[in-house]
1. Give the residues of region 27-40 that are touching a residue at least 60 places away in the same chain (Cβ under 8 Å) and closer than 18 Å to Q137 by Cβ, sorted by residue number.
2. Select from region 102-144 the residues that are polar (S, T, N, Q) and surrounded by fewer than 23 Cβ atoms within 10 Å (Cβ to Cβ) and list them in ascending order.
3. Looking for something of a type in the set (D, E, K, R), farther than 22 Å from S6 by Cβ and in contact with a Lys or Arg (Cβ under 7 Å, 6 or more places away or on another chain) - is there at least one such residue anywhere in region 109-116?
4. For region 147-188, please list each of the strands (runs of 3 or more DSSP E) lying entirely inside it that holds at least 3 residues being in contact with a Gly (Cβ under 7 Å, 6 or more places away or on another chain) and at pLDDT 95 or above.
5. Among the residues of region 1-48, write down those that are out of contact with any strand residue (DSSP E or B) (no Cβ under 8 Å at 6 or more places or on another chain), of a type in the set (A, V, I, L, M, F, W, C) and either outside any strand (DSSP E or B) or surrounded by fewer than 13 Cβ atoms within 10 Å (Cβ to Cβ) (or both).
6. Is region 85-101 home to any residue that is aromatic (F, W, Y) and either part of a loop (DSSP other than H, G, I, E, B) or open to solvent by 60 Å² or more (accessible area, probe 1.4 Å) (or both)?
7. Among all residue pairs at least 6 apart or on different chains, which show Cβ distances below 6 Å where the first residue, located in region 1-25, is under 25 Å from Q51 (Cα atoms) and modelled with pLDDT of 95 or more and the second is open to solvent by less than 20 Å² (accessible area, probe 1.4 Å) and outside any strand (DSSP E or B)?
8. Would you check which residues across region 169-178 are surrounded by 17 or more Cβ atoms within 10 Å (Cβ to Cβ) and within 24 Å of V141 (Cβ to Cβ) and list them?
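The values are calculated or read from the model by the stated rules, or taken from the named source; none is laboratory data. As the structure is a prediction and not an experimental result, all values here were calculated from the model. Here the Cβ is made from the backbone with ideal geometry for all residues, glycine too, and neighbour counts use every protein chain on show. Only protein heavy atoms, including side chains, enter the accessible area calculation; ligands, DNA and RNA are left aside. Shrake-Rupley method; radii C 1.70, N 1.55, O 1.52, S 1.80 Å.
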Amino acid sequence: MFTWQSADGRALESARVLLGPTGLRALGRAVRAPLDEPAFTASYRLFVDDQGVLARLSVTSATEDRERNLTLNHTEDGYWMLDTGSGGGRSEFDGALDVDLHYSPLFNALPIRRLGLHRQTGDREVPMVFVNLPTLQVELVKQRYRTVSPLDEQRRSVVHFSSESFHADLVVDADGMVIDYPGLATRL
């Protein structure tokens with residue numbers, strides 16, 4: 001079990017994660033009650049295959065006014081199948097292999113683990129399927145992950161993350177799971 005809390009104490013995410021050497025399965029829930037936006041909750045289930053590629057993600061998001069659902073499946077021929085329950089689509093998303101769920105430190109671990117950036121030095125820009133919370137709108141973004149420091153004696157490493165004008169130095173454990181995401185959340 002992994003649990004992260006926001007610095008302001010107004011958000012919490014908890015996930016049951018089954019780690020493999022490169023793949024993983026997770027079942028999680030996030031709750032956010034910011035002061036300047038409507039509160040929401042989101043639950044997700046994801047499966048990352050043995051090559052470290054996200055194969056399936058199901059997300060449900062709920063606000064006071066509405067509940068939304070989204071399922072993303074990555075096909076063997078490199079397409080993403082999107083289903084919102086009232087229609088869907090198919091896209092290559094520029095060859096993206098990972099998904100980033102808004103506000104979730106767990107999802108930053110996916111490219112870090114797939115690329116081995118928690119174990120070895122590297123610098124990669126990757127196309128990313130970004131899922132907004134709570135709207136579940138999907139878009140393609142570019143994100144960069146760069147190893148700042150490989151595993152130290154505490155079995156932690158630092159990976160710099162950037163997307164457009166945003167950037168942060170993520171502290172991750174020996175499995176590539178986020179311990180500290182400055183400005184977003186810290187693992188309890």
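1. The initial filter retains those residues of region 27-40 that are touching a residue at least 60 places away in the same chain (Cβ under 8 Å), namely 28, 30, 32, 38, 40.
Selection gives A30, R32, P38, F40.
2. Within region 102-144, Q120, T121, N132, T135, Q137, Q143 meet the criteria.
3. No - not one qualifying residue is present in region 109-116.
4. Values: elements: 156-163, 166-173, 178-181, 185-187.
Passing ranges: none, list empty.
5. L35
6. Applying the first criterion (aromatic (F, W, Y)) to region 85-101 yields 93.
So of that shortlist, the ones also either part of a loop (DSSP other than H, G, I, E, B) or open to solvent by 60 Å² or more (accessible area, probe 1.4 Å) (or both) come out as none.
Checked region 85-101: no residue is aromatic (F, W, Y) and either part of a loop (DSSP other than H, G, I, E, B) or open to solvent by 60 Å² or more (accessible area, probe 1.4 Å) (or both).
7. Matching pairs, first to second residue: A15/L106.
8. L170, V171, V172, G176, M177, V178
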